[in-house]
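Participant: I have a structure here, written as structure tokens, and I will follow up with some questions on it.
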Amino acid sequence: MADTDDSSLFRESARERLAAREGFVLADLDPESTPGVDASKKRGEHALAEGSAVLDDLQVRMHANSLSGDRRSVLLVLQAMDSAGKGGIVSHVVGTVDPEGVAHTSFKKPTPEELSHDFLWRIRTALPAAGQIGVFDRSHYEDVLIGRVRELATPEVIEERYGLINEFEREISEAGISIVKVMLHISSDEQKARLGARLEREDKYWKYNPGDVDERLLWPAYQEAYQLAIRKTSTEVAPWFVVPANRKWYARVAVQQLLIETMRGFEQGWPPADYDIDLEKARLAAS
């Protein structure tokens with residue numbers, strides 16, 4: 001089992017503190033807040049660096065055990081309004097793990113081939129292998145978020161998809177994939193400031209998408225769509241974790257801790273050698 005000497009800033013379990021339980025109301029959560037943590041940005045950045053070694057160790061253990069038949073893996077699902085910090089989570093949290101242990105997928109507008117299948121087809125093809133941390137930058141939830149807001153499907157189809165998503169997540173959970181679903185909750189004002197900052201720097205122009213302004217005009221509809229998705233698909237096997245994201249350092253620390261707690265729950269030690277250690281030492285010495 002991984003070292004339990006925890007440098008976490010959380011005063012309690014991040015999984016318990018950030019889970020969207022029954023009765024959760026998105027509008028009641030302040031995007032500027034830091035639930036469960038009372039620390040400065042500097043302390044948060046220090047804790048993030050310390051946690052990187054812990055997360056990497058847990059992933060290596062998970063990979064090592066997969067070679068002996070352990071089927072467990074982790075799927076981090078990141079959903080958010082544009083500029084909420086998904087890329088920062090990928091870079092500063094998951095990016096500290098050995099790249100070979102990560103399967104990252106950034107879902108874009110469906111291709112003609114993907115549209116010829118059911119909406120979960122492309123999701124199934126991107127699931128992490130045993131021993132990996134999979135990351136979905138956007139996911140199957142686009143089909144009940146933008147799908148709902150932009151009326152890309154009928155209300156009846158959207159409603160059916162909630163149930164199909166729950167069934168799908170239960171299925172992959174039973175197959176050994178632990179799902180960590182995170183909504184990064186940013187305020188409209190903070191998003192506006194971040195998008196504006198991109199227009200002030202030549203090296204950030206590429207990150208700006210004029211379409212983001214069009215989506216901002218639909219902010220209330222998106223907040224309603226997120227509330228519905230969270231209420232209908234936050235289950236025991238795949239709860240939603242809603243992370244206030246106005247403070248980037250907090251969001252990164254929170255997601256890192258969610259992953260650490262999830263993987264520590266596996267209680268994985270190092271797999272035993274499947275060969276005679278003394279014999280191999282002798283053979284190596286004589287070689």
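The values are calculated or read from the model by the stated rules, or taken from the named source; none is laboratory data. Every value quoted in this text rests on a predicted model; they were computed, and no experiment measured them. Every residue, glycine as well, gets a Cβ built from its backbone with ideal geometry; the counts of neighbours run over all protein chains shown. Surface areas here come from the heavy atoms of the whole protein model, side chains and all, with no ligands, DNA or RNA. Shrake-Rupley method; radii C 1.70, N 1.55, O 1.52, S 1.80 Å.
Participant: Can you tell me the dipole magnitude for region 170-242 around its Cα centre, using point charges on the Cβ only (Lys, Arg +1; Asp, Glu -1), in Debye to the nearest 20?
Facilitator: So the dipole magnitude of region 170-242 works out to roughly 60 debye.
Participant: Residues with amide H under 5 Å of Gly134's amide H, sequence separation 5 or more or different chain, H placed in the peptide plane at 1.01 Å from N; which?
Facilitator: Residues meeting the criterion, in which the H sits 1.01 Å from N, are Val74, Leu75, Leu76, Ala103.
Participant: In whole angstrom, note down how far apart the Cα centers of region 25-65 and region 130-203 are.
Facilitator: Rounded to whole Å, the Cα centres lie 20 Å apart.
Participant: Say each of Ser40 and Lys207 gets a label point 7 Å from the Cα, pointing the same way as Cα to Cβ; how far apart are those two points in nm?
Facilitator: Each label point lies 7 Å from its Cα, and together they span 2.5 nm.
Participant: Let me ask something else. Counting alpha carbon pairs within less than 8 Å and at least 6 residues apart, what relative contact order, in whole percent, applies to region 136-217?
Facilitator: 15 percent
Participant: In addition: Return the loop-located trypsin sites (Lys or Arg not before Pro) in region 158-249 (DSSP other than H, G, I, E, B) with at most 12 other Cβ atoms within 10 Å of their own Cβ; answer none if there are none.
Facilitator: Arg201
Participant: So what's the angle, to the nearest 10 degrees on a 0 to 90 scale, between helix 248-264 and the longest Cα principal axis of the chain?
Facilitator: 40 degrees
Participant: Within a Cβ distance under 12 Å of Leu228, other residues only, what is the Lys/Arg minus Asp/Glu net charge?
Facilitator: Once all neighbours under 12 Å are counted, the net charge is +2.
Participant: Given R₀ = 51 Å, what would the calculated FRET efficiency be for Leu120 paired with Ala285, taking r from the Cβ atoms and rounding to 0.05?
Facilitator: Taking R0 as 51 Å, the efficiency between Leu120 and Ala285 is 0.40.
Participant: Then there is this: About its Cα centre, what dipole magnitude does the chain give when the only charges are +1 on Lys and Arg Cβ and -1 on Asp and Glu Cβ, stated in debye to the nearest 20?
Facilitator: That gives the chain a dipole magnitude of about 680 debye.
Participant: Given the DSSP H assignment, sum -39500 (n - 2.57) over each helix run of at least 4 residues in the chain and divide by its residue total; what's the result at 222 nm in deg cm²/dmol, nearest 500?
Facilitator: -13500 deg cm²/dmol
Participant: Continuing with this model, one more query. What is the sum of charges around Asp98, taking Lys and Arg as +1, Asp and Glu as -1, for the other residues whose C-beta is under 11 Å from the C-beta of Asp98?
Facilitator: Value of the local net charge: -3.
Participant: Taking the Cα centre of region 237-287 as the origin and placing charges on Cβ (Lys, Arg +1; Asp, Glu -1), which of Val237, Tyr275, Gln256 is farthest toward the positive end of the dipole?
Facilitator: Projecting each Cα onto the dipole axis, the largest value belongs to Gln256.
Participant: If we sort 65-73, 234-242 on the protection proxy, mean other Cβ atoms within 10 Å, highest first, what's the order?
Facilitator: In descending order of packing, they fall as 234-242, 65-73.
Participant: What FRET efficiency would be calculated for the residue pair Ala193, Ala64, taking the C-beta separation as r and a Förster radius of 51 Å, to the nearest 0.05?
Facilitator: The computed FRET efficiency comes out at 0.70.
Participant: Follow-up question, since we're still on this one. Skip the ligands, DNA and RNA, and give the accessible area per residue of region 41-121 with a 1.4 Å probe, whole Å².
Facilitator: Per-residue value: 49 Å².
Participant: Taking the Cβ of Val25 as the center, what net charge do the other residues with Cβ under 13 Å away carry, scoring Lys and Arg +1 and Asp and Glu -1?
Facilitator: -2
Participant: State which entries of Lys86/Lys109; Lys108/Lys192; Lys109/Lys207; Lys41/Lys204 exceed 19 angstrom in Cα-Cα distance in the structure shown.
Facilitator: Lys108/Lys192; Lys41/Lys204
Participant: Checking a compactness column here: for the chain, what do you get for Rg(Cα) / (2.2 N^0.38 Å), N being the number of residues?
Facilitator: Cα Rg divided by the expected 2.2 N^0.38 Å: 1.08.
Participant: Could I ask something else about it? Suppose all protein chains stay in the model; what accessible area per residue would a 1.4 Å probe give for region 151-259, in Å²?
Facilitator: The answer is 48 Å² per residue.
Participant: Roughly to the nearest percent, how much of the accessible area of region 106-227 is carbon and sulfur, given a 1.4 Å probe?
Facilitator: 52 percent
Participant: Translational D (Stokes-Einstein, µm²/s) of region 1-131 at 4 °C and 1.567 mPa s when Rh comes from the Kirkwood sum over C-alpha pairs?
Facilitator: The diffusion coefficient I find is 73 µm²/s.
Participant: On a 0 to 90 degree scale, rounded to 10, what angle separates helix 219-233 from the longest Cα axis of the chain?
Facilitator: 40 degrees
Participant: Also, quick follow-up: Taking Lys42 as the anchor, which aspartates and glutamates have their alpha carbon closer than 15 Å to its alpha carbon, excluding any fewer than eight residues away along the same chain?
Facilitator: Qualifying aspartates and glutamates at Cα under 15 Å: Glu50.
Participant: Using alpha carbon centroids, what distance separates region 73-101 and region 227-276, in Å?
Facilitator: The two parts, judged by their Cα centres, are 12 Å apart.
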